Structure formats: structure tokens, C-alpha cells
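This report refers to the structure that appears directly beneath it.
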């Protein structure tokens, strides 16, 4: 397998793994040495990109590296899954009898998420943090979680410059100039750090002592926002691949050249993240391959390597641990489930309310993808009508007395907000009997659902699976996802899981994610949160259709989701088909602007500021007139 090469350590002694000894020309010593060179990472084959081999290798690799592991998260389901899958393996393999830099782990979590006890179970991480001297593990939601640090600043979706400074100083004081980091960070968090803090001393210090950066995926944001920024940068670079490679390596080697600090910092200040993505400083992960898609209109050799990660935690445990390591595998699975509050779960444990409404004899409808709505109190009447009429249309298409109606809201929401959201969505739908899923990641449920089927055979239990090898054979499958945001990553992850794990055909897998159950909205933007439409309905439909196509085109052009086309139903068409009288799609869009609380607040602030400025100007003018009249 073609792989991104690992770093050697800095000036301290390190026992190299067999794999490291086999490699030639790994990353040079980033503290003292400039004898070895960075390399342009080779582009893997499509099979290697789709395989989870690099994911497995990287997790084991970082555990073996004599580095401090900095694991940054952001409020995204896939990010939490990747981060905990890595962290829990490190914890299971750490040797707590030795005090080594390789045992150090810092796990960064959004302060609000940490405070919301309904979402995740941090008890294991909290206990390890309390016993830091033994565990060498820190759970960081605020700077003051570092021992003997009094700075009171919350961690959000990426570290501030102040927090970067604290991280570096804390570990440098402990390990001296030999301090070395492996960084696990989400794609959009890294673009924020490297973009917002480009030229900052704090990021430069950490970067100079970084062994490797593993980029985790925030789902469709990677193939939409992240790669789009890279392509824009790439189109401005040399078309000659050899020239581009030489420029890349010259910049990177200059940054890590300790013999000339001034030139090193200057090279860093003039560089951007995109300069180095193609080098073996990085390993990038996503839910499936995409970089070789013709959609990007560039040769694959000019793209960065990206590999698939495995979110099936049962399967992953068998690949990470030896067969005889039964206890470690069991602990790995148990701790992962416990983090998401579904340890030793039955189906009812995935539901926090309404399980009495579940009928195993019925098929399942699952509302999915509503992260853009945010607080229902701020939704104007046009948008509310569109969302509620769309759900009413779903209940006419799939009668509530014939289907189980599950609601799987975004992990962003608290349980209270989830109930408010469900009540808001189903306001016009009579006799709805909602079943509320907990805050677990959807992909985790896919893995658990598959595992429970094997238990049926092993222990003669009677669990009724949501998905099986035959669940989608009928015209209407056992389980269908519905919603109003087809850009949700859960669409693609479900499709891939059904194809890869149950060997369902393209047509079979597509039945569970049919885009006609996700009509295109026209009163809000389906990519950018909290944005009510500022254009007529018909124009917003065009924008949202293009956004959806942009999300899926990279996959269409390499043979995924071939049944997806640009004729996706709009909410207006969906309402008409289901005989629902609606008014949300009329093009008197300026009425909507004045109904939107956020817009009203913004305009009010502008009016106040403008009025204040005019008052000051008027007062100044009067004073000048008095002065002139005296003269």
C-alpha cells in the first residue's frame, strides 16, 4: 500500500518500528536536523483510497510515535466518532507504568458540549484528567484544565492563539526542546487555525515541533468547502508539476530549518495550508474516496492524497487488536459506547422518549438532517410553513399509522431543543407518535444494528434490524431517511454502509436515501446555517439545487449514487403532489426579510448606529457654524 511516510523523532532517543525502518526518506528531524527531506506523497490507487488500511495504520502509527497527541474536535458527529475511536485505542494501548512523552494525550472538547451532560459521558476522560500524573491524559474544555494554568478561556471549535501558546508552553516546560506533537484535527478547524493565525508565533511554535498532522473529516464539508478552497489555490499555482513540487518542498524545508530562524519564520508567514497538503506532513481522511473525481477538473497528481476511515467500531476493534486481545477489544467497544451513552444497549436505549410508540412490525421513517434550522423561535412564518407542510406531505405519503416515525436530530441540539424541534416540524401533522433518538452518531447506530443481527443467530434473540442484506428488496424498504436537507453527510454514509456491509446494489441502497423524500427548500440556504432566504423562492431553489449537485457531483463522477439527478423535487412540487395548500413559495420575498428576527435585529442596529452618527455630525456642524459666525 502507498502510504504517507512518518516522521523521525527529534533529538531524543527513539526505537523505530519495523515499518519505519523499511521506509526511505521520511520527514526530516523537525527540531535540529535538515539532512532529511520532506516528500511529496504519492497518490494512492482508488482501491487504496477506499480501503481502511491507512486509517488502521495511522492509528497504530501515532500510538507508537514518541509524541504528544493533540486531538482537537468540533461540533460534528463524524469528528466525535473519529476522535474517540483514535483516543480510546491510545488509552487502551498506553503503558501507564512509564512516564513517556508518547503516553501524553490532550483531548479538546467544546466547552458548551462538555457542560451539556445529556450528550456525552465524559466520566472516563474526567477521571483520567483528575489523575493526570498517572494517566498523562487531559480533557480540555478550558485553558485552566491544564495543571497550574489559570487562564480562563473556553475551547470552541478550534484553538485560539492563546490556547496554542498555553499548549506549547505547558508541554515544552515538561519535555524541553525535544517536545514533539502528533495533531489530530478536523479539516475545517485546521483551515481556521492556519488561515486565521497565519503568521502567528503560537502556531509557528507548535508547527515547528509537529511530527505529523492527521486531518479528520467533517463530512460533506470536506468535499464542498475544504477541497473548493484547495482547488482555488491550486489554479493559481504553476501548471508544471515538477515546478510545483519543488516550490512546495522548498517552502516546507525552509520552515523546519533551525539553522536560520529568521528565514524559517519568514517562509512560514508567507505560506498557507494548501502549500503543504500534498506532502507527507499530512494524512487526510474522509468517509470515502473523492480526490480522483473528474469533477475537480485537475489531474489527480496535483491533488492531495485522502483515505477512507472506518466508523464501524465493531469491525475496527477486530482490525486494531490481535485476536487474542479479547479484553482490550471488549474495553474498546464498551468505552466507545459509553462515551455516546449506549453501553450494552438494546434498541430502547437509543431512544430517550416515545419508545412505547415503536412497533417492530412496522417499517421505519427517520427524520434526518436539520442542523440548519437552529432555534425554532427564530424561524419566520414562511420558513415554518415550508418545513411543516413538507413534513405533512411525508405523513400523507407514509401514513403515521403504518410506519414508525423516528426523529434523529443533529447532535448540536439538547434533548429539550430536540423536543421543541420535533413539535415544530410536526405541528400540522395529526396523530403523529414521535420516537426520539438520543444524541448518538447515526453511523454508530448503523454499526450497532449490524452487530445485533449476529446476536440474533448466536443467542436466538428476536431483534428486528433496520437494515439487512434483504431489507431493501421491496419497493418500499424497511427503513427510509426523510428530511429537508439532502446535503447531510448521513445520506452518503448510509448509502455506503448498505453497499459495503450488506452488498446491496446501487438501486437497493438508494431506496433508503431517495432524494424525493428530501424536497429542495426555497426559504433558506441548505449549506450555511441560520441564513433565511434574501432572494425570491424560485431563485433560492436554483441556489440550493446547485449546492446539492456540487456536494454529490464528485461522487457521481466516480460511480457513486448514480440514481441522483438534478430533477430533485422542490418543496412546492412536493406540497402540490400531496395536495397541500401552501403559500410559502410566492415570490414576495421582502415580506420574509421583515419577518425574520435576525434580519430585524441587524437592521435595527444599523439604524441606531446611523442615527447616532448623524446626530454627532449634526452637532459638529452646528458647532462649526457658531465658530464661523463669531469670526
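The values are calculated or read from the model by the stated rules, or taken from the named source; none is laboratory data. Given the structure is predicted, the values throughout are model-derived calculations rather than measurements. Don't worry about glycine lacking a Cβ; one is built from the backbone with ideal geometry, like all the others, and counts go over all protein chains shown.
Observations on the structure shown:
- Residues of the range 143-192 classified as more than 24 Å from the chain's Cα centre (by Cα) and buried (at least 22 other Cβ atoms within 10 Å of the Cβ), total: 2
- Condition check for residue 310: at pLDDT 95 or above, over 30 Å from residue 401 (Cβ atoms) and not in a loop (DSSP other than H, G, I, E, B): no
- Only residues that are in contact with a strand residue (DSSP E or B) (Cβ under 8 Å, 6 or more places away or on another chain) and surrounded by fewer than 21 Cβ atoms within 10 Å (Cβ to Cβ) were counted in the range 249-275, giving 1.
- Candidate set from the range 218-248 (those that are in contact with a strand residue (DSSP E or B) (Cβ under 8 Å, 6 or more places away or on another chain) and under 30 Å from residue 74 (Cβ atoms)); member that is surrounded by the fewest Cβ atoms within 10 Å (Cβ to Cβ): 248
- Check on residue 520, touching a helix residue (DSSP H, G or I) at 6+ places or on another chain (Cβ under 7 Å), over 28 Å from residue 452 (Cα atoms) and modelled with pLDDT of 90 or more: yes
- Taken as a whole, the structure leaves residue 266 outside the set of residues that are assigned by the TED database to the domain that holds residue 200 and either touching a residue at least 24 places away in the same chain (Cβ under 8 Å) or part of a loop (DSSP other than H, G, I, E, B) (or both).
- Against the list (1) in the same structural domain as residue 203 (by the TED database); (2) at pLDDT 95 or above; (3) buried (at least 18 other Cβ atoms within 10 Å of the Cβ), the condition residue 319 fails is (3).
- As for the range 278-294, it holds at least one residue that is within 17 Å of residue 553 (Cα to Cα), loosely packed, with under 15 Cβ neighbours inside 10 Å, in contact (Cβ under 8 Å) with a residue 12 or more places away in the chain and assigned by the TED database to the domain that holds residue 101.
- Segments classed as helices (runs of 4 or more DSSP H), wholly inside the range 41-138, with at least 1 members that are at pLDDT 95 or above, closer than 27 Å to residue 275 by Cα and not assigned by the TED database to the domain that holds residue 349: 46-50, 53-64, 77-93
- Subset tally (residues that are surrounded by fewer than 16 Cβ atoms within 10 Å (Cβ to Cβ) and either touching a residue at least 24 places away in the same chain (Cβ under 8 Å) or out of contact with any helix residue (DSSP H, G or I) (no Cβ under 9 Å at 6 or more places or on another chain) (or both)) for the range 125-141: 6
- Considering 195, 199, 165, the condition of being at pLDDT below 95 and closer than 29 Å to residue 113 by Cβ is satisfied by 195 alone.
- Among residues of the range 451-489, those that are modelled with pLDDT of 95 or more and not in a loop (DSSP other than H, G, I, E, B), counted: 4
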